[in-house]
Amino acid sequence: MRTYYPPVGFHFRVSFFGVGNDTDMQFQEVGGLTAEVTTEELAVGGENKFTYRLPTRAKYSNLILKRGMLNDSGLIDWMRNAIENFEFKPVDMSVDLLDENHEVLSTWNFVQAYPVKWVISDFKALENSFVVETIELSYQYFKRK
């Protein structure tokens, strides 16, 4: 009998297709892997105890990526072009959850991602910490392989 162990969440890989280089793909945190179905309420005449809740469409939250700030980055050039020049070039991307042998356990593919927010952490003279940049991306949908 084989024992199952849940995967760890600290071994992952982020890939952008058509933007950046290998250095650009190293992140310390990935968040926002959320999908939900929105509903619409429908009141039916004569029924006062409840309303029907009907599914309408899927809704996805923004993907949030965090990493130490880089000075030379194709990914940041892509983001700056979108935010500063309002020239968007949506790209497909993926997040792979890896096992201890660097084999892919699960993959989330994101379709037509583009930047919507870029945050640089605060500078604090009394703390010994790295500058972290947070990248927030919107996308059409994701699929888990």
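Any read-out appearing in this document is the output of simple, stated calculations on the displayed coordinates, not a laboratory observation. Here the structure is a predicted model, which means the values were calculated and not measured. Quick reminder, even Gly has a Cβ in these numbers, built from the backbone with ideal geometry, and neighbours come from all protein chains shown.
Residue count for region 35-60 under the criterion of being in contact with a Leu (Cβ under 9 Å, 6 or more places away or on another chain) and among the β-branched types (V, I, T): the result is 2. Residues in region 5-22 that are loosely packed, with under 11 Cβ neighbours inside 10 Å and over 16 Å from S94 (Cβ atoms) were compared, and the one that is farthest from the chain's Cα centre (by Cα) is Y5. Looking across region 109-145, the residues that are more than 19 Å from F16 (Cα to Cα) and acidic (D, E) come down to D122, E127.
Please determine whether any residue of region 5-13 is assigned to a loop (DSSP other than H, G, I, E, B), in contact with a helix residue (DSSP H, G or I) (Cβ under 9 Å, 6 or more places away or on another chain) and at negative phi. No; the residues of region 5-13 include none that is assigned to a loop (DSSP other than H, G, I, E, B), in contact with a helix residue (DSSP H, G or I) (Cβ under 9 Å, 6 or more places away or on another chain) and at negative phi. Does K143 satisfy the condition of being in a strand (DSSP E or B), surrounded by fewer than 17 Cβ atoms within 10 Å (Cβ to Cβ) and in contact (Cβ under 8 Å) with a residue 40 or more places away in the chain? So K143 does not fit the description; no.
Contact map, region 79-97: residues that are within 20 Å of V111 (Cβ to Cβ) paired with residues that are in a helix (DSSP H, G or I), Cβ distance under 6 Å, separation 6+ or inter-chain. Pairs shown: E87/N81; F88/A82. Filtering region 29-55 to residues that are in contact (Cβ under 8 Å) with a residue 12 or more places away in the chain and surrounded by 12 or more Cβ atoms within 10 Å (Cβ to Cβ) leaves E29, V30, G31, G32, L33, A35, T39. Scanning region 56-76 for residues that are in contact with a Ser or Thr (Cβ under 6 Å, 6 or more places away or on another chain), surrounded by 12 or more Cβ atoms within 10 Å (Cβ to Cβ) and part of a strand (DSSP E or B) yields a count of 1.
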